[in-house]
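Values in this text are rule-based calculations from the coordinates and carry no lab data. Bear in mind that the values here come from a model prediction, so they are computed numbers and not experimental data. Here the Cβ is made from the backbone with ideal geometry for all residues, glycine too, and neighbour counts use every protein chain on show.
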Amino acid sequence: LQDQHKYDEATVKFQKAIELDPKDAPAYNNWGLALQDQHKYDEAIAKFQKAIELDPKYAVAYYNWGSVLQDQHKYDEAIAKCQRAIELDPKLADAYNNWGLVLRYQHKYDEAIAKFQRAIELDPKFAGAYNNWGVVLEELGRSAEAEEKYKKARELDEAK
C-alpha cells in the first residue's frame, strides 16, 4: 500500500498491527517510512523513535531516522544516526549508502565515494549505491567513470 502511495490505507494497517501487538517495532518503523514519503518528518521521526524504544538494537530504524534528518538537511545528525545503525549492524549497506549521500551534500566527495564503495562491498547488487557513486564522479568532472557506474546501476536494475 505504501509503495502504491495509498497512505491512508497503509496508516490504518499500521494502526491495526500496533493494536494487535503494541510492541511491533517494525510496524512503527514502516509507518514512519509512510510518513516520510508524505514529508511529515516530525511524525516520521516519532515513529522511528518509538520503534527504537521498543527495540533499542533496531538498526534499520536508526538508518531511517537518519534518512529523514538528511531530508531536513540536518546532515551531522543524519551521519550520527547512520553511524549508530552501523554500530548495531555493520553489514547494513543502506546505512553506508545514506551516509555517502549526506557526505555528498556536504561536498566531501572522496569520503562519499568510500561509503558507496563500502555499501557495494556489502551488497554487490546495490544499484542505488552505484548510481550515487556515478553522481559524485560526475560532479567531480569524471564523466567517463561516472558513466561506468551508471551503466552498472542500470544493469543491476534490469536484472531484478
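Which whole-percent values make up P(r) of region 67-160 when all C-alpha to C-alpha distances are grouped in 5 Å steps starting at zero?
3, 16, 24, 24, 18, 11, 4, 0
Run the numbers for GLN83 and ASP110: contour at 0.36 nm per residue of separation, minus the present Cα-Cα distance, in nm.
Full extension from GLN83 to ASP110 adds 7.9 nm.
Would you give the gap between the C-alpha center of region 30-63 and the C-alpha center of region 121-160, rounded to a whole Å?
28
Could you give the C-alpha radius of gyration of the chain expressed as a fraction of 2.2 N^0.38 Å, taking N as the number of residues it contains?
Compactness ratio reported: 1.10.
Give me the lysines in straight-line cross-link reach of LYS149: C-alpha distance below 26 Å, same-chain residues under 8 apart excluded.
In chain and number order, the partners are LYS91, LYS108, LYS115, LYS125, LYS160.
What's the magnitude of the charge dipole for the chain around its Cα centre, counting Lys and Arg as +1 and Asp and Glu as -1 at the beta-carbon? Answer in Debye, nearest 20.
140
Please list, in order along region 13-18, the HN-Hα scalar couplings obtained from phi with the Karplus expression 6.51 cos²θ - 1.76 cosθ + 1.60 (θ = phi - 60°), rounded to whole Hz, x for Gly and Pro.
5, 5, 4, 5, 4, 6
Per 0.36 nm of contour for each residue apart, how much would the distance between VAL12 and ASP157 grow if the chain were fully extended, relative to their Cα-Cα spacing?
Taking VAL12 through ASP157 to full extension adds about 49.0 nm, to one decimal.
So between GLU53 and ARG142, what do we pick up on full extension, going 0.36 nm a residue minus the alpha carbon distance?
27.6 nm
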